[in-house]
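Note sheet for the following structure.
The values are calculated or read from the model by the stated rules, or taken from the named source; none is laboratory data. Owing to the predicted nature of the structure, the values given are computational and were not obtained by experimental measurement. So basically every Cβ, Gly included, is an ideal-geometry build from the backbone, and we count neighbours across all protein chains shown.
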Amino acid sequence: MTIPTNTRLQNITDELREIKLLIESEKEIDLAALDHFRDALNEARLVSWVVSEWLHAGQSSSNPGSVVHYFANERLRRFSTMAKEIDAELANLDVTALNNELKNAFELVEALCLRLRGRLEMAARAAS
């Protein structure tokens, strides 16, 4: 038997409150486990926020693709904001300590640029 989503959300909410207390009182926490938990929590937080905003905006429909489209738009908006903030920060930072992170970010952005170029070209062909 499948547990309804609303029930699962309430159960997880209760468990997260318990985990918060546990983390606050724990003296030794495995850093890798904590990082893994934070990543999963961030992903769930982002998805729940986007779906909540989507529902509050009255864009509810039975088409799950519309949620995905809204989610993609929100991620692109957030990415644009973060890119502007990172650009401003890099102008004022001593970046020598960030060498590996900068290289990784550059490679990811470069790959993203290629994908975006391809998508823009596809959209231009479809529009013509």
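Is one or more of the residues making up segment 23-35 closer than 30 Å to residue 116 by Cα, of a type in the set (A, V, I, L, M) and under 22 Å from the mean Cα position of the chain (by Cα)?
No, segment 23-35 contains no residue that is closer than 30 Å to residue 116 by Cα, of a type in the set (A, V, I, L, M) and under 22 Å from the mean Cα position of the chain (by Cα).
Inspect segment 30-51 for any residue being touching a Ser or Thr at 6+ places or on another chain (Cβ under 8 Å) and at pLDDT below 85 and give the result as yes or no.
no
Suppose we filter 124, 111, 91, 72 for residues that are under 17 Å from residue 46 (Cβ atoms) and among the hydrophobic types (A, V, I, L, M, F, W, C); which single one remains?
72
Out of curiosity, is residue 27 modelled with pLDDT under 90, more than 23 Å from residue 70 (Cβ to Cβ) and not polar (S, T, N, Q)?
Yes: the conditions hold for residue 27.
Identify all residues within segment 17-37 that are basic (Lys, Arg) and not in a helix (DSSP H, G or I); write none if there are none.
Answer for segment 17-37, where residues must be basic (Lys, Arg) and not in a helix (DSSP H, G or I): just 27.
Only one of these is assigned to a helix (DSSP H, G or I), of a type in the set (Ser, Thr, Tyr) and at pLDDT 85 or above: 81, 96. Name it.
81
Considering only residues of segment 82-128 that are exposed (fewer than 10 other Cβ atoms within 10 Å of the Cβ) and polar (S, T, N, Q), which is farthest from residue 53 (Cα to Cα)?
Out of the qualifying residues, it is 96.
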